[in-house]
Amino acid sequence: MSSDASTVDADYAMRHWLGEDPGQIEIGSEAHKRLFCRMLLDTHNPYKPAVIVWPKLDPEALQRVTSLPIWDIAVQTEGRAQLRVSAYTALVNDPLLREALVMDGGEEARHKVVLSKLVEFYGISLAPEPAYQMPKDPEWGWLVTGYSECVDSFFGFGLFEAARRTGYFPDELVETFEPVMQEETRHILFFANWIAWYRRQLPWWRRLAFELKVVRVWTFLIWERIGIARGLDHNGEMQDANFALTGSQQIGLDLKLSELLDLCLAEDERRAAGYDKRLLRPTFMPRMARLVRRFMR
């Protein structure tokens, strides 16, 4: 990204936000809905993928970037996310929530364009994209997307920072890709608050069915990430949905799991620190990481 004054201001505004309503806010209230929707809308960074100046890399850095086994699945993940968010948005009648979901889906689409521009500039070969299918249950698709982002972002933040510190990613590339990473923070904050708000809108009999659906979503995601459900894509190539857990080895970083978890926890907290403290933060992955960390030296 460029470093002119308007870009710097937009970057700061994307990372720091306070809601206008004073005082404490009840979870599930109209004020809560305004808080998490306005957060997403007000912190939108208007950068345009078409004008991103990708840095030229020396041969060694270029080899490291192009050899990463993540680009196919990264592009496809954003393609599916865009479709799933759009499908759920079509069911929403509330004007403010719908506006925020449109923004969320638009940013998912923009992530896909950013990745496409990156792989094009650096000459990374991708497998042909599959035909993305509209989810039969839009709510299921939205939940899968939201919870997936919570899991993948938690590990992604740590791996991205580790790659920056070790120089695996050159500083120029880190700076260029940084806004995309911060957008993921906004997305998971929005999702964590939406799901808390949405639960409060449901009568008890619908809430029970919803909680069962959430359990099914987590079962699906765990199944996917431990590799039991890995399959061959249309080209007969294995697609690894487990990069969030194996990424430090795949990108050649010498990190113990305890060190990676510490870094993920620190980055997760740092990236969310600039947003209104009344917003709920995603808690599942940090809690699991702290639980696992207790049994490590």
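Report whether or not Arg270 is closer than 24 Å to Ile70 by Cβ and at pLDDT 90 or above. Quick ask: steps written out before the conclusion?
Numbers: closer than 24 Å to Ile70 by Cβ: yes; at pLDDT 90 or above: yes.
Judged against the criteria, Arg270 is a match.
Would you call Ser6 surrounded by fewer than 13 Cβ atoms within 10 Å (Cβ to Cβ) and either among the hydroxyl-bearing types (Ser, Thr, Tyr) or modelled with pLDDT under 85 (or both)? Spell out how you get there, then give the answer.
Values: surrounded by fewer than 13 Cβ atoms within 10 Å (Cβ to Cβ): yes; either among the hydroxyl-bearing types (Ser, Thr, Tyr) or modelled with pLDDT under 85 (or both): yes.
Yes: the conditions hold for Ser6.
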What number of residues within segment 17-32 are open to solvent by 30 Å² or more (accessible area, probe 1.4 Å) and among the small types (Gly, Ala, Ser)? 1
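Pick out the one residue from Asp152, Asp137 that is under 11 Å from the mean Cα position of the chain (by Cα) and open to solvent by 30 Å² or more (accessible area, probe 1.4 Å). If you could, list the steps in order and put the result at the bottom.
On the way: Asp137 fails: under 11 Å from the mean Cα position of the chain (by Cα).
After applying the criteria, what remains is Asp152.
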Unique match (being under 30 Å from Ile52 (Cβ atoms), open to solvent by 50 Å² or more (accessible area, probe 1.4 Å), of a type in the set (S, T, N, Q) and at pLDDT below 55) among Gln239, Gln249: Gln249
Any chance Asp11 is closer than 29 Å to Gly146 by Cβ and of a type in the set (Asp, Glu): yes
Mind listing just one residue for me: the one in segment 60-92 that is open to solvent by less than 60 Å² (accessible area, probe 1.4 Å) and of a type in the set (Asp, Glu) and, of those, farthest from Glu183 (Cα to Cα)? Asp72
Picking from Phe169, Phe154, the residue that is modelled with pLDDT of 90 or more, farther than 18 Å from Lys112 by Cβ and aromatic (Phe, Trp, Tyr) would be Phe154
Scanning segment 189-211 residue by residue, the ones that are among the aliphatic types (A, V, I, L, M) and closer than 18 Å to Val102 by Cβ total 1
Which residue pairs have Cβ atoms under 7 Å apart, sit 6 or more places apart or on different chains, and have a first residue in segment 40-64 that is over 14 Å from Arg110 (Cβ atoms) and a second that is open to solvent by 20 Å² or more (accessible area, probe 1.4 Å) and assigned to a helix (DSSP H, G or I)? Leu41/Glu99; Leu41/Met103; Thr43/Ala13; Trp54/Phe121; Pro55/Glu172
Just for segment 70-121: of the residues that are outside any helix (DSSP H, G or I) and either in contact with a helix residue (DSSP H, G or I) (Cβ under 6 Å, 6 or more places away or on another chain) or of a type in the set (A, V, I, L, M, F, W, C) (or both), which one is nearest to Ser153 (Cα to Cα)? Ile70
Criterion first (among the β-branched types (Val, Ile, Thr) and at pLDDT below 90) does Thr77 satisfy it? yes
Residues of segment 155-172 being assigned to a helix (DSSP H, G or I), over 16 Å from Ala272 (Cβ atoms) and open to solvent by 10 Å² or more (accessible area, probe 1.4 Å), in sequence order, are Leu159, Arg164, Arg165, Thr166, Asp171, Glu172
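From the list Arg281, Arg287, Arg230, pick out the single residue that is surrounded by fewer than 18 Cβ atoms within 10 Å (Cβ to Cβ), part of a helix (DSSP H, G or I) and either more than 17 Å from the chain's Cα centre (by Cα) or at pLDDT 85 or above (or both). If you could, list the steps in order and put the result at the bottom.
Numbers: Arg281 fails: part of a helix (DSSP H, G or I); Arg230 fails: part of a helix (DSSP H, G or I).
Exactly one of Arg281, Arg287, Arg230 is surrounded by fewer than 18 Cβ atoms within 10 Å (Cβ to Cβ), part of a helix (DSSP H, G or I) and either more than 17 Å from the chain's Cα centre (by Cα) or at pLDDT 85 or above (or both), namely Arg287.
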Condition set part of a loop (DSSP other than H, G, I, E, B), at pLDDT below 90 and more than 17 Å from His187 (Cα to Cα), scope segment 43-56, selection least open to solvent (accessible area, probe 1.4 Å): answer is Ile52
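The values are calculated or read from the model by the stated rules, or taken from the named source; none is laboratory data. Since the model is a prediction, treat every value here as computed from it, not as a measurement. Methodologically, a virtual Cβ is constructed for each residue, glycine included, from the backbone with ideal geometry; neighbour enumeration extends over all protein chains shown. These accessible areas exclude ligands, DNA and RNA; they are computed on the full protein's heavy atoms, side chains included. Shrake-Rupley method; radii C 1.70, N 1.55, O 1.52, S 1.80 Å.
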